[in-house]
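First up is the structure itself, then whatever we jot down about it.
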Amino acid sequence: MPLYSVLDLSPVLEGGDAAQAFRNTVDLAQHAERWGYHRYWLAEHHNIPGIASAATSIVIGHVAGATQRIRVGSGGVMLPNHAPLVIAEQFGTLESLYPGRIDLGLGRAPGTDQMTMRALRRSLQSSGDTFPEDVVELQSYFHAEDRGRRDVQAVPGKGLEVPLYLLGSSDFSAQLAAHLGLPFAFASHFAPDYLHAALALYRRGFRPSPAHARPHVIVGVGLYLAESDAAAHRLFTSAQQATLKLIRGFPGLLPPPVESMEGLWTPGEEAAIKHRSSYSVVGSPAAVQQRLEEIMEETAADELIAVAQIYDHQARLRAYELGAEIFRTLLSA
């Protein structure tokens with residue numbers, strides 16, 4: 001049976017701050033647990049004023065400590081920004097504190113701009129992509145047996161077998177996930193172009209692993225639900241404005257909604273943003289249910305993970321509540 005989950009960027013609102021963002025994150029996670037969402041993921045981004053989850057493992061621990069059953073993890077940690085041993089220690093610590101509830105989703109992108117990459121001590125003149133090797137190294141730290149690594153151990157971490165997921169918006173991570181026998185999450189909520197090609201490559205090339213006998217596909221969707229289509233489209237303008245600032249090179253805090261985007265973007269910007277958000281479901285429950293049915297049918301996803309960059313926290317809660325009702329309806333059909 002397909003699963004439904006939450007992806008949270010801990011949005012920092014205009015007029016608010018990171019402390020408020022984290023309070024909202026915990027509140028949403030507690031509600032999501034009650035509404036039956038399977039997992040709650042947080043994403044690593046840097047130098048983006050509207051996203052508070054840069055120190056992702058810390059926020060994961062905060063959320064896990066405030067909930068009881070829901071899985072909590074990263075969607076994802078940008079592994080090239082970190083030494084694999086450090087991530088193994090961080091997530092080994094989380095798994096030790098909250099056993100059986102921690103996920104480690106891994107991304108290959110830096111999650112930031114080139115200037116910030118330098119501040120993260122990343123080389124811009126790398127001789128090659130070491131992501132595959134880094135993933136394998138990270139896996140090795142969680143194995144119970146040494147497998148040749150006798151001098152360096154993740155403490156805590158060794159023997160905990162924290163589940164890994166690969167995230168991507170192209171075919172690179174899809175092929176690597178297939179080769180390693182790992183679940184694969186596609187970032188279709190903001191980069192839909194290679195969704196079907198990547199899923200086909202992943203499923204066709206999947207090699208069963210000790211942890212996963214079959215492929216597991218997670219598809220990202222934007223979720224902008226309200227009692228009416230008009231209300232939902234108004235809520236969605238906050239995310240559209242934030243994306244507009246991002247593509248112009250001036251990311252900012254999540255702005256309040258506006259009645260219309262007309263006059264705020266050029267025709268080219270409008271087309272680009274609408275294309276990027278083609279896997280955002282926006283509207284009343286009836287409209288959203290129809291679109292979610294289409295996405296589930298065309299992707300055959302094992303899981304949908306929903307992100308809602310909505311300015312008003314109560315409206316955001318309501319979107320996820322209505323979403324849970326729709327997901328339950330679809331899964332019981």
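The values are calculated or read from the model by the stated rules, or taken from the named source; none is laboratory data. The model shown is predicted, which means the values in this text are computed figures rather than measured ones. All Cβ positions, glycine included, derive from the backbone under ideal geometry; neighbour counts span all protein chains shown.
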query = Using beta carbons and a limit of 9 Å, which pairs, at least six apart or on different chains, have the first residue in segment 1-20 and farther than 14 Å from ALA43 by Cα and the second one among the aromatic types (Phe, Trp, Tyr) and assigned to a loop (DSSP other than H, G, I, E, B)?
reply = LEU3/TYR37; TYR4/TYR37; LEU13/TYR311; GLU14/TYR311
query = Which one of the conditions (1) under 25 Å from GLU95 (Cα atoms); (2) at pLDDT below 90; (3) crowded, with 16+ Cβ neighbours inside 10 Å does ASP151 fail to meet, given that it meets all the rest?
reply = (3)
request  = Find the strands (runs of 3 or more DSSP E) located wholly in segment 1-119 whose residues include 2 or more that are among the charged types (D, E, K, R), at pLDDT 95 or above and more than 25 Å from PHE184 (Cβ to Cβ), and list them.
outcome  = none
request  = Please name all residue pairs, on different chains or six or more residues apart, with Cβ atoms under 8 Å, provided the first residue is in segment 183-195 and is farther than 20 Å from ALA239 by Cβ and the second residue is of a type in the set (Gly, Ala, Ser) and part of a loop (DSSP other than H, G, I, E, B).
outcome  = TYR194/SER169; TYR194/SER170
task = Kindly indicate the residue of segment 74-93 that is crowded, with 22+ Cβ neighbours inside 10 Å and in contact (Cβ under 8 Å) with a residue 60 or more places away in the chain and also farthest from TRP35 (Cα to Cα) among those meeting that condition.
result = ALA88
inquiry  = I'd like the residue in segment 244-283 that is assigned to a loop (DSSP other than H, G, I, E, B) and β-branched (Val, Ile, Thr) and, out of all such residues, is surrounded by the most Cβ atoms within 10 Å (Cβ to Cβ).
reply    = VAL258
request  = Just name the residue that is farthest from ASN47 (Cα to Cα) out of those in segment 232-264 that are without any contact (Cβ under 8 Å) to a residue 24 or more places away in the chain and among the hydrophobic types (A, V, I, L, M, F, W, C).
outcome  = LEU264
note = Checked segment 214-252 for anything in contact with a strand residue (DSSP E or B) (Cβ under 6 Å, 6 or more places away or on another chain), over 30 Å from ALA200 (Cα atoms) and of a type in the set (A, V, I, L, M); matches are ALA232, LEU235, ALA242
message = If ARG328 meets every condition in (1) in contact with a strand residue (DSSP E or B) (Cβ under 9 Å, 6 or more places away or on another chain); (2) charged (D, E, K, R); (3) surrounded by 15 or more Cβ atoms within 10 Å (Cβ to Cβ) apart from one, which number is that one?
response = (3)
Residue among LEU199, LEU264, LEU176 that is within 25 Å of ILE48 (Cβ to Cβ) and aliphatic (A, V, I, L, M) = LEU264
task = Among residues belonging to segment 187-225 that are in a loop (DSSP other than H, G, I, E, B) and among the basic types (Lys, Arg), point out the one that is surrounded by the fewest Cβ atoms within 10 Å (Cβ to Cβ).
result = ARG214
task = With the checklist (1) in contact with a helix residue (DSSP H, G or I) (Cβ under 8 Å, 6 or more places away or on another chain); (2) polar (S, T, N, Q); (3) under 22 Å from VAL219 (Cα atoms) in hand, flag the one item ASN47 doesn't pass.
result = (3)
task = Might you let me know whether segment 292-310 holds any residue that is free of Cβ contacts under 8 Å to residues at least 40 places away in the same chain, of a type outside the set (A, V, I, L, M, F, W, C) and closer than 21 Å to ALA52 by Cβ?
result = no
ask   = In segment 284-333, what count of residues is obtained for those that are in a helix (DSSP H, G or I), among the small types (Gly, Ala, Ser) and closer than 23 Å to PRO215 by Cα?
value = 1
key: Filtered residues of segment 31-52 (kept if surrounded by 17 or more Cβ atoms within 10 Å (Cβ to Cβ) and without any contact (Cβ under 8 Å) to a residue 60 or more places away in the chain)   = GLU33, TYR40, LEU42, ILE51, ALA52
task = Could you check, for segment 227-240, whether at least one of its residues is assigned to a helix (DSSP H, G or I), of a type in the set (A, V, I, L, M), within 21 Å of the chain's Cα centre (by Cα) and closer than 30 Å to GLN175 by Cα?
result = no
